[in-house]
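Contents: one structure, followed by commentary.
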C-alpha cells in the first residue's frame with residue numbers, strides 16, 4: 001500500500017512548517033527556466049521541475065528552500081504546481097478540503113511528470129498546501145506537488161524516468 005503524504009504548509013516532507021516571506025530566487029537558465037546555480041528559492045516561486053534539499057528537521061518556519069540544479073544530488077523535486085479552484089473570495093475549505101485538493105498530486109499529475117503511475121513508482125509524493133493563515137492573510141491558493149525517494153537523495157531529474 002502506497003503512502004500519500006499531504007502536508008499543510010510543509011516543505012520538509014516530514015515536519016509541519018509555516019510558510020513565510022519571499023525572495024528573488026536562484027539563477028535560472030533564460031530559455032528553459034531550469035535552476036543552473038544553487039541558491040535560496042522562495043516557497044512562493046517554486047516551479048514544476050525545480051530540485052531542492054529539504055530544510056533541517058525540526059524547522060518550524062521556513063521562507064526558502066535550498067534549490068540546486070537537478071543534476072546535483074537533491075532531496076525533493078517539484079513535479080506540479082496548481083491553484084485551488086475558486087477565486088480569492090473562496091473561504092478556507094478546512095483541512096479535509098485541502099487534503100481532497102492535494103489528492104491531485106497522486107494521480108495524473110504524477111504520471112504525466114514521471115511516466116509511471118504513483119502506485120507503480122519507486123518515488124513517494126507529498127503536497128505543499130496552503131495553511132489557513134496563508135490562505136486568508138496572503139491569498140495563497142497554490143499547491144506544490146513534490147516527489148522524493150525514500151531510499152535517499154536523487155541525482156538527475158525524475159521527469160520522464162518511468163520509475
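The values are calculated or read from the model by the stated rules, or taken from the named source; none is laboratory data. Bear in mind that the values here come from a model prediction, so they are computed numbers and not experimental data. So basically every Cβ, Gly included, is an ideal-geometry build from the backbone, and we count neighbours across all protein chains shown.
Observations
- With respect to the conditions (1) over 14 Å from residue 129 (Cα atoms); (2) at pLDDT 90 or above; (3) buried (at least 18 other Cβ atoms within 10 Å of the Cβ), residue 46 lacks only one, and its number is (1).
- Listed conditions (1) touching a residue at least 40 places away in the same chain (Cβ under 8 Å); (2) in a helix (DSSP H, G or I); (3) under 17 Å from the mean Cα position of the chain (by Cα) are all met by residue 70, apart from (2).
- Residues of the range 119-132 classified as surrounded by 22 or more Cβ atoms within 10 Å (Cβ to Cβ) and not in a loop (DSSP other than H, G, I, E, B), total: 5
- Some residue of the range 133-154 being over 21 Å from residue 28 (Cα atoms), part of a loop (DSSP other than H, G, I, E, B), in contact (Cβ under 8 Å) with a residue 60 or more places away in the chain and under 15 Å from the mean Cα position of the chain (by Cα): yes
- Which listed residue, of 83, 140, 53, is more than 23 Å from residue 162 (Cα to Cα), surrounded by 15 or more Cβ atoms within 10 Å (Cβ to Cβ) and touching a strand residue (DSSP E or B) at 6+ places or on another chain (Cβ under 8 Å): 140
- Qualifying residue in the range 98-118 (condition: crowded, with 20+ Cβ neighbours inside 10 Å, part of a strand (DSSP E or B), in contact with a strand residue (DSSP E or B) (Cβ under 9 Å, 6 or more places away or on another chain) and at pLDDT 90 or above): no
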